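One structure is given here, and the rest of the page talks about it.
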Amino acid sequence: MKMQTQPVDVAIVGAGLCGLMAGAVLAEHGQRVVLLDKGRSVGGRLATRRIGAGRADHGAQFFTVRSPRFGAWVERWRAADIVYQWGTGWSDGSLATTAPDGHPRYAVRGGMNALAKHLAAQGAGLGATIHTGVRVTAIEALPAQGASATGGWKLLAEDGASWTARTVVMTAPAPQSLAILAAGGVDLLAEERSALEAIQYAPCLCGLFTVHGAVRLPAPGALQQPDADISWIADNQRKGISPDATVLTAHGSPPWSATHYAAPDDAVLSRMKTNLNPWLDQDAVIVMGEVKRWRYAIPTALHAEPMLRACTPSPLYFGGDGFGAPRVEGAALSGLAIAADIAGRATSPTPCATTTIHPTDK
Ligand SMILES: Cc1cc2nc3c(=O)[nH]c(=O)nc-3n(C[C@H](O)[C@H](O)[C@H](O)COP(=O)(O)OP(=O)(O)OC[C@H]3O[C@@H](n4cnc5c(N)ncnc54)[C@H](O)[C@@H]3O)c2cc1C
């Protein structure tokens, strides 16, 4: 594909939760929005995969709600039966029952990726354009034209396509966003660059296993052992997203995943199988296994605010789960904060700032 499309108001790099939330809200505000994602589908780390006759979440497993702002969205998703409460906490694998900690754990009907598809359809229905399979390789600042103080941005994709936009929103993990900026020679202030470089992520090795026979994980079908090598094991059938086959998801802990990240698939699967065995019936058999590697799985060092707006001549935003709060809720709040800032500036421009205050919860 070699094409240059009409200029848009906002180009969003990354159609994970952050980008999708920002895109849907901005489209609702009448902005012409394009979302570009290198993945085959939208969702990023909201990832669900078919394996044999079954289905498994292999990125985010569930989410919690701590802020009223995100809670209002989740209530709408629950009312539409997109999201349901899976549990109130997880066993650590011991016989003791884990006391609920007051935070419901939510999951998505059909798998976590279905939430991304829902948001993508919502954004598209409001006029946003979404391109998947598009890897953005560089963004370049365009020279100011005429009386305009800002020239906007040009985004270049690996396949030769390009887009121009007044505002760019970068939602990929910070190291990936920084690489895209470096390729286009975008100048950031030293403090902006170091704020972005300070955001760190832990990797995660994920194993998916199809099982013939009974699996006996504690209710409601998952266990969490933060200090063990394999820190999470979940039964996607009991979760309700894999009615036709038993598929287990296993996640290596951050240290274990970092140590074994480059190990061959067979070695990773074999080590994980050993950890699954205690939860399988004597005659149960693992008939299929596959590995998924997440280099940037969970942020371990965050930017304090839910977004960063660079002091570039044209508006340039950074967001995602590395900003403000981690995980699904943090990514959503970051997208909402960016959308609110862009929509607000469209009507009453304010000077740029490298950090912003959290938007007030409604
Ligand atoms: C294994 C694992 C388990 C997790 N478990 C949980 C959990 O149980 N609960 C929870 O709350 N959170 C969990 N998380 C974290 C949660 O998934 C993330 O916080 C959230 O999904 C991040 O959303 P995001 O939009 O910030 O980033 P992402 O989902 O990573 O989206 C960024 C997007 O940018 C795209 N992109 C990157 N580079 C380019 C490029 N050059 N061009 C175009 N597109 C590009 C990517 O394809 C991606 O779609 C987990 C994550 C992983 C990996």
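The values are calculated or read from the model by the stated rules, or taken from the named source; none is laboratory data. Note that the coordinates shown come from a computational prediction; the quantities given were computed from them, not determined experimentally. Cβ atoms come from the backbone with ideal geometry, glycine included; neighbour counts cover every protein chain shown.
Looking at segment 303-342, which of its residues are assigned to a helix (DSSP H, G or I) and among the acidic types (Asp, Glu)? Talk me through it step by step, then tell me what you get.
At the first step, the residues of segment 303-342 found to be assigned to a helix (DSSP H, G or I) are 327-342.
Result: 329, 341.
Quick test of your reading of the structure: residue 178 fulfils all but one of (1) without any contact (Cβ under 8 Å) to a residue 40 or more places away in the chain; (2) more than 15 Å from the ligand (Cβ to nearest atom). Name the failing condition by number.
(2)
Go through segment 28-67 and give me each residue that's surrounded by fewer than 17 Cβ atoms within 10 Å (Cβ to Cβ) and of a type in the set (Lys, Arg).
Correct list: 40, 50, 66.
Right, residue 14: away from the ligand (no atom under 13 Å from the Cβ) and surrounded by 15 or more Cβ atoms within 10 Å (Cβ to Cβ) or not? Before the answer, list the steps.
Details: away from the ligand (no atom under 13 Å from the Cβ): no; surrounded by 15 or more Cβ atoms within 10 Å (Cβ to Cβ): yes.
When the stated conditions are applied, residue 14 does not pass them.
Which residues, counting only those in segment 126-161, are touching a Lys or Arg at 6+ places or on another chain (Cβ under 6 Å), closer than 15 Å to residue 10 by Cα and either charged (D, E, K, R) or part of a strand (DSSP E or B) (or both)?
140
Looking at (1) more than 14 Å from the ligand (Cβ to nearest atom); (2) touching a Phe, Trp or Tyr at 6+ places or on another chain (Cβ under 6 Å); (3) touching a residue at least 60 places away in the same chain (Cβ under 8 Å), which is the only condition residue 170 fails?
Of the numbered conditions (1) more than 14 Å from the ligand (Cβ to nearest atom); (2) touching a Phe, Trp or Tyr at 6+ places or on another chain (Cβ under 6 Å); (3) touching a residue at least 60 places away in the same chain (Cβ under 8 Å), the odd one out for residue 170 is (1).
Of these, 55, 49, 76, which one is modelled with pLDDT of 95 or more and either in a helix (DSSP H, G or I) or aliphatic (A, V, I, L, M) (or both)?
After applying the criteria, what remains is 76.
Within segment 329-347, how many residues are within 11 Å of the ligand (Cβ to nearest atom) and surrounded by fewer than 24 Cβ atoms within 10 Å (Cβ to Cβ)?
Qualifying residue count for the region: 1.
What is the number of the single condition among (1) of a type outside the set (A, V, I, L, M, F, W, C); (2) over 30 Å from residue 253 (Cβ atoms); (3) within 12 Å of the ligand (Cβ to nearest atom); (4) in a loop (DSSP other than H, G, I, E, B) that residue 23 does not meet?
(4)
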